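Q: Got a structure here, written out as structure tokens. Questions coming.
The values are calculated or read from the model by the stated rules, or taken from the named source; none is laboratory data. The model shown is predicted, which means the values in this text are computed figures rather than measured ones. Glycine also receives a Cβ, built like all others from the backbone with ideal geometry; neighbour counts cover every protein chain displayed. Surface areas here come from the heavy atoms of the whole protein model, side chains and all, with no ligands, DNA or RNA. Shrake-Rupley method; radii C 1.70, N 1.55, O 1.52, S 1.80 Å.
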Amino acid sequence: MSSSIVHLASPESNGTNHEDGNDSGFRTVLDPTAPSFILPAETFLQAAVSLKDQVVDMTWKARGGSAVTHMDPTVYTGLLGTAYTCLRSFQATGNRQDLRLCADIVDTCASAAPATIRHITFLCGRGGLYALGAVAANYCGDQQKRDSYLDYFFEVAQEKALPVGPEEGGFGMSYDLLYGRAGFLWAALFIKQHLGSEAVPNETLMPVVEAILEGGRAGSSDNSMCPLMYRWHGTRYWGAAHGLAGILNVLLHFPLSEDGVEDVKGTLRYMMNNRFPHSGNYPVSEGNPRDKLVQWCHGATGIGITLCKASQVFPNDREFRDAAIEAGEVVWKSGLVKKVGLADGTAGNAYASLSLYRLTGESIYQERARAFGSFLYHNAGDIMAGSQGDGAADHAYSLFQGLAGVACLWFDLIAPHNSRFPGYEI
């Protein structure tokens, strides 16, 4: 490992699976000024393309391409994550072979997987399948197929539980990003980003937005200090995957009523006021005293990215910008963890700095993101090899728990002003 890295011994756990929380991590300080360690943009591009090819080989070609029966088709850990990575490669390089490959993978999943996909979100459900299908078809110039995927998406939008508020018994569908209503809305935002705002009219989506707000108000009834609160499997999570950060991040993309704006702001302020005073990090869930996880799904990374979005939406509220910067400092000090992926690894943590770079324009954040990306260039293979015994091998090339997420990070480091955390930032 490069001499540009200084290890600081620590017994604490910083890297974890977002469900079990048992992986040990390590703290590392990087020197972003060390030229022997930090890579130039052209190296990131070459590495990203090469790693994308490996992802395709291991997840698509090695399995026979069209043989996706009994295979995870999701964006999060499955084959659609490979499709997303190919789309990201096409955007970065203009290589239409990557675009065609993305479309082929999505089409194969569409023919084999919808009946087995229970959820309707972008990352873990049919929302991702149909959103990626519509976008890829549009870039390919296949308007008929694009419209077909949009029709499928609008069928998902007719899910009866989506716009139902708690006063009508609307607790049958969760609200979170991975499996719930926020995840459906994110799929719609992805379509709107690539196909135009009218591709999915807001009148289709705003009832779902209002249902999420109503659900959060009902969920906070036992805590008057926090305007919105949600439960996932009985736990009031704060992070991006299942909790407040992910839900609020989605809500911030929509035209909210005055009450909705105040509830979102109040919830963010509640989180900021109740972070851990010593470290500046954020709890995994309401009342949880463990100050150990610094990552996207739990901790300062996911919450910090949401605070960056809040600062963009509410530029006159300086407190959100300040809190985003402070969260970025937490990630910089503790964000190198013993996993590589977007969900709970170093690749995801690098996006905290990329978000701050876009927010502030300050080059230090670009350099920090490049330092994280360079660390992965030098160490990702060893990290993955060392984690084969804990079940990581099943998702070693996936988008959120494996190397596909690293490839997306490297593509984003080429043009950091256009960077977006996959499946989280629009």
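Q: In what sequence, highest mean first, do 214-223, 245-254 appear when ranked by Cβ atoms within 10 angstrom?
A: 245-254, 214-223
Q: At 222 nm, what helix-only mean residue ellipticity would the chain give, in deg cm²/dmol to the nearest 500, using -39500 (n - 2.57) for each DSSP H run of four or more?
A: Helix contribution divided over all residues of the chain: -17000 deg cm²/dmol.
Q: Quick check on packing: order 156-162, 105-111 by the mean number of other C-beta atoms within 10 Å, highest mean leading.
A: Averaged packing, sorted descending, gives the order 105-111, 156-162.
Q: Among the trypsin sites (Lys or Arg not before Pro) within region 241-307, which fall in a DSSP loop and have no more than 10 other Cβ atoms within 10 Å of their own Cβ?
A: Here no trypsin sites (Lys or Arg not before Pro) fit, given the DSSP loop and packing criteria.
Q: Which of 87, 276, 411 sits closest to the plus end of the dipole of the chain, meaning its Cα is farthest towards the positive end, when Lys and Arg get +1 and Asp and Glu get -1 on the C-beta?
A: Checked the options; the winner is 411.
Q: Only helices at least 27 Å long along their own axis, judged from Cα atoms, and with Kyte-Doolittle mean hydropathy of -1.0 or greater: name those in the chain from DSSP H.
A: Span-like helices in the chain: 363-386.
Q: Moving to a separate point now. Beyond 43 Å, how much of the Cα-Cα pair distribution for the chain remains, as a whole percent?
A: 6 percent
Q: Just how large is the dipole of region 194-336 about the Cα centre, in debye to the nearest 20, putting +1 at every Lys and Arg Cβ and -1 at every Asp and Glu Cβ?
A: 620 debye
Q: A further question on this structure: Provide the per residue accessible area, probe 1.4 Å, for region 176-302, rounded to a whole number of square angstrom.
A: Solvent-accessible surface per residue comes out at 34 Å².
Q: Might you list the cysteines of the chain that have no disulfide-compatible partner by the rule of another cysteine's Cβ under 4.7 Å?
A: Cys with no partner Cβ under 4.7 Å: 109, 124, 140, 226, 297, 308, 408.
Q: If you wrap region 280-412's Cα atoms in a convex hull and average its projection over all directions, what's the area in nm²?
A: It is 8.2 nm².
Q: Measure off, as a whole percent, the carbon and sulfur share of the 1.4 Å-probe accessible area of the chain, all protein chains present.
A: On the chain, the fraction of accessible area on carbon and sulfur atoms equals 48 percent.
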